[in-house]
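Data block below; observations after.
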Amino acid sequence: MRHNNSGRKLGRSPSHRKALFINMAKALLIHGRIRTTEAKAKDLRGIVEPLITLAQRNDVHSRRLAYRTLGSHQLVKRLFDEIGPQYAGIPGGYTRVMKLAMPRRGDNAPMAIIELTKHQAATQPVDADSAE
């Protein structure tokens, strides 16, 4: 029995799952919208929404906590300078998961789009792997 074991395993080891969600969180913060499976999109909310809440606090400790998750100074700067102020005064609900009608072709997995609710097109994508 899985008492008090929340979250989906997604057929991955814990380290692989952690890396998957960190990469997906980076992609969502860079592009504002990504297409993935419903299960991954629903679990990704638990990673991205606390990051945006940290961005609203906007202090050194919050930046360090966000860097611990994102691993990119440029992405942390964008999160705190561009994305965080958009949600000032909003207590939550920063992401939206929209289910798609057509499943994935190969394995019939239900697909969804997860996006930031105040989505604006990324004018300059931030390269998460560039010099920090």
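The values are calculated or read from the model by the stated rules, or taken from the named source; none is laboratory data. These numbers were taken from a predicted model, which means no experiment stands behind them. Ideal geometry is used to build each Cβ from the backbone, glycine not excepted, and the neighbour counts take in all protein chains shown.
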Problem set entry | Among the residues listed as LEU100, LEU65, the single one being in contact with a helix residue (DSSP H, G or I) (Cβ under 8 Å, 6 or more places away or on another chain) and of a type in the set (A, V, I, L, M, F, W, C) | LEU65
Exercise. Can you spot a residue in the stretch 9-21 that is surrounded by fewer than 15 Cβ atoms within 10 Å (Cβ to Cβ), under 25 Å from ALA101 (Cβ atoms), touching a helix residue (DSSP H, G or I) at 6+ places or on another chain (Cβ under 8 Å) and hydrophobic (A, V, I, L, M, F, W, C)?
Worked result: yes
Problem set entry | Tally of residues being at negative phi, without any contact (Cβ under 8 Å) to a residue 24 or more places away in the chain and out of contact with any strand residue (DSSP E or B) (no Cβ under 6 Å at 6 or more places or on another chain) across the stretch 2-45 | 16
Problem set entry | Checklist (1) under 18 Å from GLY84 (Cα atoms); (2) in a loop (DSSP other than H, G, I, E, B) applied to LYS9, failing item | (1)
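Here's the yes/no breakdown for (1) of a type in the set (Val, Ile, Thr); (2) over 28 Å from LEU10 (Cα atoms); (3) at pLDDT 95 or above; (4) surrounded by 13 or more Cβ atoms within 10 Å (Cβ to Cβ):
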site	(1), (2), (3), (4)
THR37	yes, no, yes, yes
VAL48	yes, no, yes, yes
ASN58	no, yes, no, yes
LEU70	no, no, yes, yes
HIS73	no, yes, yes, yes
ARG96	no, no, yes, yes
LYS99	no, no, yes, no
ASN108	no, no, yes, no
ILE114	yes, no, yes, yes
